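The values are calculated or read from the model by the stated rules, or taken from the named source; none is laboratory data. Everything numeric here is computed off the predicted structure, so don't read it as measured data. When we count neighbours, we look across all protein chains shown, and the Cβ atoms used for this are built from the backbone with ideal geometry, even at glycine.
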Amino acid sequence: MKYYVYLLVSFRNKKPVSYVGYTNNLKKRLNLHNSSKGAKFTRGMKWKIAYFQEYSSKKRAMKEEYLLKKNTKKRNMIKRITQINYENINPVTL
């Protein structure tokens, strides 16, 4: 089974906000976040996937999710790229 680590971006008070998670179904998870049934932090905002990476094991995906959550430099870089072109965003892999 494939697992994905993803970074979502939205805006709160005209500032970019990000959320990092992992899943085995990106589309379903994004729909849950956007319908306010995902994580509590993501409720009430419109989210777009700015970054995702595929992994072959859940353990590896969870480890990478943890590392991305702690890597503020990488998250901020992705948020800046996203802020420039939010309406036409295409997810990137780094």
Restricting the range 71-94 to residues that are of a type in the set (Val, Ile, Thr) and in contact with a strand residue (DSSP E or B) (Cβ under 7 Å, 6 or more places away or on another chain), the one modelled with the lowest pLDDT turns out to be Thr93
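For every residue, the table says whether it meets (1) among the small types (Gly, Ala, Ser); (2) under 12 Å from the mean Cα position of the chain (by Cα).
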residue	(1), (2)
Val5	no, yes
Lys15	no, no
Ser18	yes, yes
Arg29	no, yes
His33	no, yes
Ser36	yes, no
Gly44	yes, no
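Looking at the range 3-33, which of the residues that are outside any strand (DSSP E or B) and touching a helix residue (DSSP H, G or I) at 6+ places or on another chain (Cβ under 9 Å) is surrounded by the fewest Cβ atoms within 10 Å (Cβ to Cβ)? Walk me through it before giving the result.
Filtering the range 3-33 down to residues outside any strand (DSSP E or B) leaves 13-14, 24-33.
Now narrow it down to the ones that are touching a helix residue (DSSP H, G or I) at 6+ places or on another chain (Cβ under 9 Å): 24, 32-33.
Working: Asn24: 13, Leu32: 16, His33: 24.
Checking each candidate, the answer is Asn24.
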